[in-house]
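J.: This is the structure I have questions about; it appears just below.
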Amino acid sequence: MPDTTALKGTDAPATAVDAPPATDAGPAPGKPRSLWSDAWHDLRRNPLFLVSMALILLLAVMSIFPGLFTSASPRDANLAEHYLQHPNWGHFFAPDWLGYDGQGRSIYARVVYGARASITVGVVVTIAVTITGLVIGMLAGYFGGWIDTILSRVTDVFFGVPFIVGAMVILTTFEERSVWVVILSMAFLGWTSIARVARGSVITIKQADYVVAAKALGASTFRILTRHILPNAIAPVIVVATIALGGYIAAEATLSFLGIGLAEPTVSWGIDVSAAKDQLRNAPYVLVIPSVMVSITVLSFLMFGDAVRNALDPKMR
């Protein structure tokens, strides 16, 4: 058989067989990922983030569509038949699965519907304090001088008020304590930490070369704050906000347990814990089940915030 390799010219073009195999090496060399893409790359491989995100999605669906989890009403009471009826562990997701409380109401239905009030308070308060603290911190850090002095002293005054005590004082002035009243009282006091973090980030970033160049080119203050400073100062603020979200849910449950937060007819885990404290000896499940739900929810958001912090902070890598 003739040697076919001798028939090939030295200058023959390379065929697909001669080409090196393609490899999935990620982004092209010399094109580094941004902070957010790099953080997402780390989060997808973090079991802590995946577990917490799954729990948060489950709780979010439960709060938005409680009818998917139970057909029972959380306010239907039947003292004659269901007074402190023990859980029926064999009837999964049935109204009697987790038993009934001292009013003859389904604990499972109240656990499902109670997620809405707790998560709504936590999420809306977090959004409100993030926007308020971010605006105050950016203005104080960017302008400095007397503006920084005034805003910093106002922040110190609010920071010196204990959060729970201050919320109790505010809430006692209202006869009807709805979800939005609790949200406003908590948001009124909870923005100080984010304001301090935002101020420190802006003070560091405003000295960067790209900010100085934007000023030299005549960019407006609003454009500098929104296009150059905000995108680079938002990362530590997001970390603080995600961790604080779980704390706001716990604070709402604490205020409701003390009888100063949400009140009937609102369905809330804190209200159920407060009502069940008298049945701790003869029916401990009435208190334990909503307490466990509060703990799981707070732990989920704390784990989520911790994973985000590790992904966004280069020192944690």
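J.: Based on a Kirkwood Rh over C-alpha pairs, give the Stokes-Einstein translational diffusion coefficient of segment 90-203 at 37 °C and viscosity 0.692 mPa s in µm²/s.
T.: D = 198 µm²/s.
J.: Next question. Can you check what the net charge comes to around Pro87, using other residues whose Cβ is under 12 Å from the Cβ of Pro87 (Lys, Arg +1; Asp, Glu -1)?
T.: Residues close to Pro87 contribute a combined charge of -2.
J.: For segment 147-198, just run the numbers: alpha carbon Rg, then divide by 2.2 N^0.38 Å, N being how many residues it has.
T.: Here the answer is 1.26, to two decimals.
J.: Of all accessible surface on the chain at a 1.4 Å probe, what whole percent is carbon and sulfur?
T.: 67
J.: Can you tell me the 0 to 90 degree angle between the C-alpha axis of helix 179-189 and the longest principal axis of the chain, rounded to 10?
T.: The two axes meet at around 60 degrees.
J.: State the Kirkwood hydrodynamic radius of segment 193-266 in Å, one decimal place, computed from all pairs of distinct Cα atoms.
T.: Computed over Cα pairs of segment 193-266, the Kirkwood hydrodynamic radius comes out at 14.9 Å.
J.: If we sort 217-226, 277-286 on the protection proxy, mean other Cβ atoms within 10 Å, highest first, what's the order?
T.: For the peptides 217-226, 277-286, the packing ranking is 277-286, 217-226.
J.: Which values, in whole Å and largest first, are the semi-axes of the equivalent ellipsoid of the chain obtained as the square root of 5 times each eigenvalue of the Cα gyration tensor?
T.: 49, 35, 13
J.: At 222 nm, what helix-only mean residue ellipticity would the chain give, in deg cm²/dmol to the nearest 500, using -39500 (n - 2.57) for each DSSP H run of four or more?
T.: Taken over the chain, the calculation gives -19500 deg cm²/dmol.
J.: Now for a separate question. Evaluate the charge dipole of the chain about its Cα centre and quote only its size in Debye, nearest 20, assuming +1 on the Cβ of each Lys and Arg and -1 on the Cβ of each Asp and Glu.
T.: Here the size comes out at about 800 debye.
J.: Tell me the Kirkwood hydrodynamic radius of segment 180-312 in angstroms, computed as one over the mean inverse distance between distinct C-alpha pairs.
T.: 17.7
J.: I'd like to check one number: the per residue accessible area of the chain, probe 1.4 Å, reported in Å² as a whole number.
T.: Accessible area per residue, the chain: 56 Å².
J.: Within a Cβ distance under 14 Å of Ala109, other residues only, what is the Lys/Arg minus Asp/Glu net charge?
T.: Once positives and negatives cancel, what remains is 0.
The values are calculated or read from the model by the stated rules, or taken from the named source; none is laboratory data. Computed from a predicted structure; not experimentally measured. All Cβ positions, even for glycine, are placed from backbone atoms using ideal geometry, and neighbour counts span all protein chains on display. Each accessible area value is taken on the protein alone, full model and side chains, heavy atoms only, with ligands, DNA and RNA left out. Shrake-Rupley method; radii C 1.70, N 1.55, O 1.52, S 1.80 Å.
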